[in-house]
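Undergrad: One structure is given below, represented as structure tokens, and several questions about it will come after.
The values are calculated or read from the model by the stated rules, or taken from the named source; none is laboratory data. Source: prediction; values computed, not measured. So basically every Cβ, Gly included, is an ideal-geometry build from the backbone, and we count neighbours across all protein chains shown. SASA here: full protein model, heavy atoms, side chains in, ligands and nucleic acids out. Shrake-Rupley method; radii C 1.70, N 1.55, O 1.52, S 1.80 Å.
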Amino acid sequence: QVQLVESGGGLVQPGGSLRLSCGASVSIFRLYSMAWYRQAPGKQRELVAVITSLGITNYADTVKGRFTISRDNAKNMMYLQMNSLKPEDTAVYYCNKAQIPYISWGQGTQVTVSS
């Protein structure tokens, strides 16, 4: 069974940066379009960024120009570089496939943007 592990979250001040990482137990990133999602308290999980198997990227309007998704197929890793962070970016961030059926969700990594 494929496992996904997110890391790199933390507490950062508004305007700061973080780099999230997503590792997979098997080589999947070259096979599927992958995505970062986030879920804020009391809200539904939302799609943040997508990267296709060809490396084409797409972003939610709320993060466009601030976040960058990338992937390293050889290392079975995916990343989310987050710059100019805002308090509204506070959420638990998850990685998974961009389309159903999803892989079992990992624990996520908490990102808190606060002064």
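Undergrad: Taking the residues in segment 1-24 that are out of contact with any Leu (no Cβ under 9 Å at 6 or more places or on another chain) and polar (S, T, N, Q) as candidates, determine which candidate is least open to solvent (accessible area, probe 1.4 Å). Working first, answer last.
TA: So the first thing to find is which residues in segment 1-24 are out of contact with any Leu (no Cβ under 9 Å at 6 or more places or on another chain), and the list is 1-5, 11.
Now restrict to residues that are polar (S, T, N, Q): 1, 3.
Numbers: GLN1: 181, GLN3: 124 Å².
If we take residues in segment 1-24 being out of contact with any Leu (no Cβ under 9 Å at 6 or more places or on another chain) and polar (S, T, N, Q), then GLN3 is least open to solvent (accessible area, probe 1.4 Å).
Undergrad: From the residues in segment 74-104 that are part of a loop (DSSP other than H, G, I, E, B) and modelled with pLDDT of 95 or more, which one is nearest to LEU4 (Cα to Cα)? Working first, answer last.
TA: If we filter segment 74-104 for residues that are part of a loop (DSSP other than H, G, I, E, B), which is where we start, we get 76, 83-86, 90, 98-104.
Now narrow it down to the ones that are modelled with pLDDT of 95 or more: 83-86, 90, 98.
Values: ASN83: 23, SER84: 26, LEU85: 24, LYS86: 26, THR90: 21, ALA98: 14 Å.
Filtering first and then ranking leaves ALA98.
Undergrad: Moving to a separate point now. Enumerate the pairs (first residue in segment 40-58 and open to solvent by 40 Å² or more (accessible area, probe 1.4 Å); second residue anywhere and of a type in the set (Ser, Thr, Tyr) and not in a strand (DSSP E or B)) with beta-carbon separation below 8 Å, excluding pairs fewer than 6 apart on the same chain, so at least 6 apart or on different chains.
TA: SER53/TYR32; SER53/SER33
Undergrad: Considering only residues that are polar (S, T, N, Q) and either within 15 Å of the chain's Cα centre (by Cα) or open to solvent by less than 50 Å² (accessible area, probe 1.4 Å) (or both), which ones fall in segment 59-89? Working first, answer last.
TA: In the first step, residues of segment 59-89 are kept if they are polar (S, T, N, Q); the result is 62, 68, 70, 73, 76, 81, 83-84.
Within segment 59-89, THR62, THR68, SER70, ASN73, ASN76, GLN81, ASN83 meet the criteria.
Undergrad: Continuing with the same structure: For a quick check of your reading of the model, give me the residue pairs whose first member lies in segment 98-115 and is of a type outside the set (Lys, Arg), whose second is open to solvent by 60 Å² or more (accessible area, probe 1.4 Å) and part of a strand (DSSP E or B), with beta-carbon atoms closer than 7 Å and at least 6 apart or on different chains.
TA: Qualifying pairs under 7 Å: GLY106/VAL5; THR112/LEU11; SER114/LEU11.
Undergrad: Mind listing whichever residues of segment 95-111 are in contact with a helix residue (DSSP H, G or I) (Cβ under 9 Å, 6 or more places away or on another chain) and open to solvent by 20 Å² or more (accessible area, probe 1.4 Å)?
TA: The first filter runs over segment 95-111 and keeps only residues in contact with a helix residue (DSSP H, G or I) (Cβ under 9 Å, 6 or more places away or on another chain), leaving 111.
Selection gives nothing.
Undergrad: For segment 29-58, what are the residues that are among the aromatic types (Phe, Trp, Tyr) and either farther than 19 Å from GLU6 by Cα or in contact with a helix residue (DSSP H, G or I) (Cβ under 8 Å, 6 or more places away or on another chain) (or both)? Steps first, answer last, please.
TA: Restricting attention to segment 29-58, the residues satisfying the condition of being among the aromatic types (Phe, Trp, Tyr) are 29, 32, 36-37.
PHE29 - this is the single residue of segment 29-58 that is among the aromatic types (Phe, Trp, Tyr) and either farther than 19 Å from GLU6 by Cα or in contact with a helix residue (DSSP H, G or I) (Cβ under 8 Å, 6 or more places away or on another chain) (or both).
Undergrad: Could you please find all residues in segment 25-39 being crowded, with 20+ Cβ neighbours inside 10 Å and in a strand (DSSP E or B)?
TA: Taking segment 25-39 first, the residues crowded, with 20+ Cβ neighbours inside 10 Å are 29, 34-38.
MET34, ALA35, TRP36, TYR37, ARG38 - these are the residues of segment 25-39 that are crowded, with 20+ Cβ neighbours inside 10 Å and in a strand (DSSP E or B).
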